[in-house]
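In what follows, a structure is listed as structure tokens, so that the remarks can point back to it.
The values are calculated or read from the model by the stated rules, or taken from the named source; none is laboratory data. This structure is a prediction, so every number in the text was calculated from the model and none was measured. Positions of Cβ are generated from backbone atoms using ideal geometry, with glycine treated the same way; all protein chains shown enter the neighbour counts. The protein model used for the area step is the full one, side chains on, heavy atoms only, and it has no ligands, DNA or RNA in it. Shrake-Rupley method; radii C 1.70, N 1.55, O 1.52, S 1.80 Å.
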Amino acid sequence: LVCPTCKALGSKETQEAIMKVSSNNENSVYKVISFPVENEEGEVMAVIETVEDFTKVDAQDQEIRHNYLAQAVMNSLLRFSLENISLEGFLKCTLNIILSFPSFSSQSMGAIFIAEGDPQVLVMKAKNKFPQALDKDHLQISFEEGICGRAASLRTPQFDDGLKKDSGPEACAHYCYPIIYAGNTLGVVDICMEKGHKQDRKEMEFLNTVATALAGVIQRKKEERHLSQINDCLLSLGVNSLD
């Protein structure tokens, strides 16, 4: 079996594998998922690997594993926030990190929208396997439009199981979690799940933690970009920069 991390490095695509390990006459089964993280030039700069134990465990062990994996994902997110990459590059890395969380890895589908320019319009900045039917209509979304718009305007999480009568064949469940900073909506994280998926408390808690961390990073990167633009303007006028 070829290591999924090695395959991810070579193919630049998400890889997963089921690994069986035998020790002391006991069999264990693990699901390994490897997400490549690319820089602005499209080169793979790192691979995020998650390992989920599929061997039967009790509820307490499941809770411990959930908390451990959630913390690992958050550590990766915060580490990449310090990299010298653009906001768009960071959001692409962030989406891959979010989708490495076991609850979301089966579909590995979602997008991140940011409010820029018009503060009442969401612009898609990162996506992974986003449904083609939704992709065309969701490059820009006005506040209050659809589930993402509602999450943005109400500043509260929204969930849809995708089972509405008029839903098409590509319909899926959605978690739409707003990214809020100082009472303002900076964007929305949209995670797609299998149609009919039930809302889960742990998944909501994880997305709340991610959205809170994202808000601070996005605001900082926006301020850095604004300062860089001012510096460029001053330099063009022959004035020393603000650094």
### Task
Considering only residues that are in a helix (DSSP H, G or I) and under 18 Å from the mean Cα position of the chain (by Cα), look in segment 150-161 and name the one that is surrounded by the fewest Cβ atoms within 10 Å (Cβ to Cβ).
Ala151
### Task
Would you mind stating whether Cys172 is at pLDDT below 90, open to solvent by less than 40 Å² (accessible area, probe 1.4 Å), in contact with a strand residue (DSSP E or B) (Cβ under 8 Å, 6 or more places away or on another chain) and of a type outside the set (Phe, Trp, Tyr)?
yes
## Note on the structure
Here the residues within segment 112-126 that are open to solvent by less than 30 Å² (accessible area, probe 1.4 Å) and more than 13 Å from the chain's Cα centre (by Cα) are Ala115, Val121, Leu122, Val123
### Task
Please find, within segment 41-60, the residue that is least open to solvent (accessible area, probe 1.4 Å) out of those that are over 17 Å from Ser11 (Cα atoms) and either modelled with pLDDT of 65 or more or of a type in the set (S, T, N, Q) (or both).
Thr50
### Task
Within segment 193-233, track down each residue that is modelled with pLDDT under 75, surrounded by 13 or more Cβ atoms within 10 Å (Cβ to Cβ) and over 19 Å from Gly117 (Cα atoms).
Asn231
### Those residues of segment 29-42 which are more than 16 Å from the chain's Cα centre (by Cα) and more than 15 Å from Phe80 (Cα to Cα), in sequence order
Val29, Tyr30, Lys31, Val32, Glu41, Gly42
### Query
Within the set of pairs 6 or more residues apart or between chains, which connect a residue that is open to solvent by 10 Å² or more (accessible area, probe 1.4 Å) inside segment 91-111 to a residue that is part of a helix (DSSP H, G or I) with Cβ atoms less than 6 Å apart?
Ser103/Glu203
